[in-house]
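Before any comments, here is the structure.
Each value in this text was obtained by applying a stated rule to the coordinates, not by laboratory testing. Quantities reported herein were computed from a predicted structural model and do not represent experimental measurements. Cβ sites come from the backbone with ideal geometry, for glycine too, and all protein chains shown count toward neighbours.
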Amino acid sequence: MPARLKERYSDTIHAEMFEQFKFDNPMQVPKLEKIVVNMGVGDAQTEPRLLDAAMAELGQITGQKPSIRKARKSIAGFKLRAGSKIACMVTLRGERMYEFMDRLFNVVIPRVRDFRGVSPASFDKDGNYTLGLREQTIFPEVNIDDVSRVRGMNITFVIANNRDTDESRELLRKFGMPFRN
């Protein structure tokens, strides 16, 4: 059974965006290419087991095995050496991407305390949106008793065929992203 949001995109969102922005060609309509979930574990240099715990939690959250990210250059102020393992990340595409986005918008984000909507201004120059979460415990897949340390994460929505952040914002709004007014 295809993901609910994938069906919604192909059935209604694509046509609505085509009409709303008056594109010349249906291939110009922006679409979600991938979702990248990144969890930084800077203190993994002193305690390597923290990276393993973060990878296990990220794997539970996304349903996919995370990859380890290493530091590109040394920064003495942060006691960081080039090649140190400092983060883990997952790139979601296809069905898993739409399932994750559905859970994020309808289950996870409403669980955030004092939630008033996500910032509508967190777009980069390419029209991709990045959302920061302060703790991984808001995901129902993570057992709070097993969490050794509360960690934040960045979730980036990479949007293809976008020439404008307004188009990207409208696409995410139609998917159900709860933007602040």
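Checking each residue in the stretch 159-181 for being over 26 Å from ASP114 (Cβ atoms) and part of a loop (DSSP other than H, G, I, E, B) picks out ASN161, ASN162, ARG163, ASP164.
Taking PRO120 as the residue in question, decide whether it is surrounded by fewer than 13 Cβ atoms within 10 Å (Cβ to Cβ), part of a loop (DSSP other than H, G, I, E, B) and either without any contact (Cβ under 8 Å) to a residue 24 or more places away in the chain or in contact with a helix residue (DSSP H, G or I) (Cβ under 9 Å, 6 or more places away or on another chain) (or both). Against the criterion (surrounded by fewer than 13 Cβ atoms within 10 Å (Cβ to Cβ), part of a loop (DSSP other than H, G, I, E, B) and either without any contact (Cβ under 8 Å) to a residue 24 or more places away in the chain or in contact with a helix residue (DSSP H, G or I) (Cβ under 9 Å, 6 or more places away or on another chain) (or both)), PRO120 does not qualify. Set side by side, the residues PHE139, PHE105 differ, and just one is within 17 Å of LEU5 (Cβ to Cβ) and of a type in the set (Phe, Trp, Tyr), which is PHE105.
Selection within the stretch 79-95: residues that are over 27 Å from GLY42 (Cβ atoms) and touching a residue at least 12 places away in the same chain (Cβ under 8 Å). The member of this set that is surrounded by the fewest Cβ atoms within 10 Å (Cβ to Cβ) is GLU95.
Filtered by the rule that a residue be within 25 Å of the chain's Cα centre (by Cα) and closer than 19 Å to MET177 by Cα, the stretch 16-33 gives GLU16, MET17, VAL29, PRO30, LYS31, LEU32, GLU33. Looking across the stretch 38-52, the residues that are within 13 Å of LYS79 (Cβ to Cβ) and surrounded by 17 or more Cβ atoms within 10 Å (Cβ to Cβ) come down to ALA44, GLN45. None of THR130, THR137, THR156 is over 13 Å from the mean Cα position of the chain (by Cα) and outside any loop (DSSP other than H, G, I, E, B) except THR137.
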